[in-house]
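J.: Would you mind keeping the following structure in view while I ask a few things?
Values quoted throughout were computed directly from the atomic coordinates according to the rules given, and no laboratory measurement underlies them. All values reported here derive from a predicted model rather than from experimental measurement. Ideal geometry is used to build each Cβ from the backbone, glycine not excepted, and the neighbour counts take in all protein chains shown.
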């Protein structure tokens, strides 16, 4: 078995045009995989300099392999099983700005640098007023980025042709808007002046993005077999699902500079990210939230098995295609294509996704992922979406705890105040009171859901059905 480095594997030297804040599994299996495809299939011809955004990370492990590693994609693609490997060679070097600050700030002086891409976790885009311009480096990611941009502005004397295109990939809605606001806060805090602010506004672009690929990460259980198959001692293998989607809220001029579409990749440049964010939350996260308690209480433990179940599978299809899809505003063919791709992801033969892992904090999940669909469906159709209502009833029954009919323990997990409320209400014994009290709890919903016509009555009806007939029979009667 060979050591993996630039002496044992081909590594093409390309211009450093991208600074990437983050060296974790997601960026390496998503963004760097996309850039690898762009280099192969277009004239993009770019390499990535990775910057470790926090003091402790894995840039040393990357550099030990000359920043080479493999991405293992697994799943279904148009019904075909995918289990592929791709060596990623796009990272030229990786640096820790806490120990090599001068190397970090010198990146601003490289004329070819054009893009900054980041994934510093949801907490990464934050304003820390304790950061100073002369910190080496600033502790926050936006602080480091502002340091870099200001140094570039000064080094190139405000040349507008040396601006930067910035794609944040943090899982925050309108992440680009948030990052831009935070950079403005640092410009004001550090008194960097109107000329720099004008250069940032005119020469640079910070664009909101939506990223979508499940990345389980390092395959600990399979790594020995994978190394033998690759014939490389690769300690940075990262696994991801076959599906990928990157939605970027940017004009066509940016797409021309970042030609992912020419590489046949699922990267969309759109006027607004919002409908795509809504589509993902509604058609992927929304079904997850309701299928989990329905499947578990029916004796099904794995998402894939739920999709393939004769009864639960029809329930999932109804919720996705007949209810939630009817509440969205994108073209129907786009929505159907996306929903079918979601079902393929749910059916991934390589991932045993436990439905109980989705049940954590089900009430806030239902509030953000499914409740908007309940309201919009009622508004458009004049009636409640019965599958989504049954899903809410199933959550309430799941939160009762106890044991499933096969003896499996039911272990709900949510905020302590929600757990205490449900325990008290179930002990009191009245389903109607339980439903009305939960729907009226402002701390869960931000409103009194008893005002939604018929909702309390239908949730109570389904709870009584589940309690008296069992979950599976209740679903059968619904889909029939």
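J.: Highest first, please rank the peptides 161-170, 330-339 by the mean number of other Cβ atoms sitting within 10 Å of their residues. Let's see the in-between values first.
T.: Values: 161-170: 20.6, 330-339: 14.1.
In descending order of packing, they fall as 161-170, 330-339.
J.: Then there is this: Under the classification rounded if a/c is under 1.5, otherwise prolate if a/b is larger than b/c and oblate if not, where does the range 274-479 fall, given a ≥ b ≥ c as square roots of the Cα gyration tensor eigenvalues?
T.: Values: a/c = 1.62, a/b = 1.20, b/c = 1.35.
Cα axes put the range 274-479 in the oblate bin.
J.: How fast does the chain diffuse by Stokes-Einstein, in µm²/s, taking the Kirkwood radius from C-alpha pairs at 4 °C and 1.567 mPa s? Display every interim value, and only then the final one.
T.: Working: Rh = 24.6 Å.
This corresponds to a translational diffusion coefficient of 53 µm²/s.
J.: Only helical DSSP H runs with n ≥ 4 go in: add -39500 (n - 2.57) per run for the chain, normalise by residue count and round the 222 nm mean residue ellipticity to 500 deg cm²/dmol. Display every interim value, and only then the final one.
T.: On the way: 23 runs with 214 residues, N = 480.
Estimated from H runs of four or more residues: -12500 deg cm²/dmol.
J.: Based on the Cα atoms of the range 95-160, what semi-axes does the equivalent ellipsoid have, where each is the square root of 5 times one gyration tensor eigenvalue, given in whole Å with the largest first?
T.: Values: eigenvalues 79, 35, 31 Å².
Square roots of five times the eigenvalues give 20, 13, 12 Å.
J.: For 141, 98, 69, which order do you get if you count the other beta carbons within 10 Å of each Cβ and list the fewest first? It would help to have the intermediate numbers written out before the result.
T.: Details: 141 27, 98 16, 69 23.
Lowest count first: 98, 69, 141.
J.: Let me ask you something else. With the radius of gyration and the Kirkwood radius both derived from the Cα set of the range 389-480, what is their ratio Rg to Rh? Kindly include the intermediate steps, with their values, before the conclusion.
T.: On the way: Rg = 13.2 Å, Rh = 13.7 Å.
Taking Rg over the Kirkwood Rh, I get 0.96.
J.: Can I ask one more? So how far, in whole Å, is the C-alpha centre of the range 99-158 from the one of the range 390-436?
T.: After rounding, the separation between the Cα centres reads 49 Å.
J.: Please report, in Å, the Rg and the Dmax of the range 58-181, where both are computed over Cα atoms only.
T.: For the range 58-181, the Cα-based Rg and Dmax read 17.5, 54 Å.
J.: Going by how many other Cβ atoms sit within 10 Å of their own, how do 155, 353 line up, fewest first? Kindly include the intermediate steps, with their values, before the conclusion.
T.: Details: 155 16, 353 20.
Ascending number of Cβ neighbours within 10 Å: 155, 353.
J.: How do 404, 114 line up, fewest other C-beta atoms within 10 Å first?
T.: Taking fewest neighbouring Cβ atoms as first place, the list is 404, 114.
J.: In whole Å, how far is the Cα centre of the range 357-383 from that of the range 296-340?
T.: So the separation of the two Cα centres works out to 14 Å.
J.: Additional query: Order of 231-237, 256-262 by packing, highest average Cβ count within 10 Å first? Don't skip to the end; give the middle numbers.
T.: Details: 231-237: 18.1, 256-262: 16.4.
Packing proxy ranking, top to bottom: 231-237, 256-262.
J.: Roughly how many whole Å is it from the C-alpha centroid of the range 1-51 to that of the range 229-258?
T.: 10 Å
J.: Calculate the all-directions average of the projected area of the range 211-366's alpha-carbon convex hull, and give it in nm². Display every interim value, and only then the final one.
T.: Numbers: hull surface 47.2 nm².
Taking the Cα atoms of the range 211-366, their convex hull projects to 11.8 nm² on average.
J.: Also, I was wondering about something else. Which value, in nm² and rounded to one decimal, describes the direction-averaged projected area of the C-alpha convex hull of the range 2-270? Numbers along the way, then the final one.
T.: Working: hull surface 56.2 nm².
With every direction weighted equally, the projected area is 14.1 nm².
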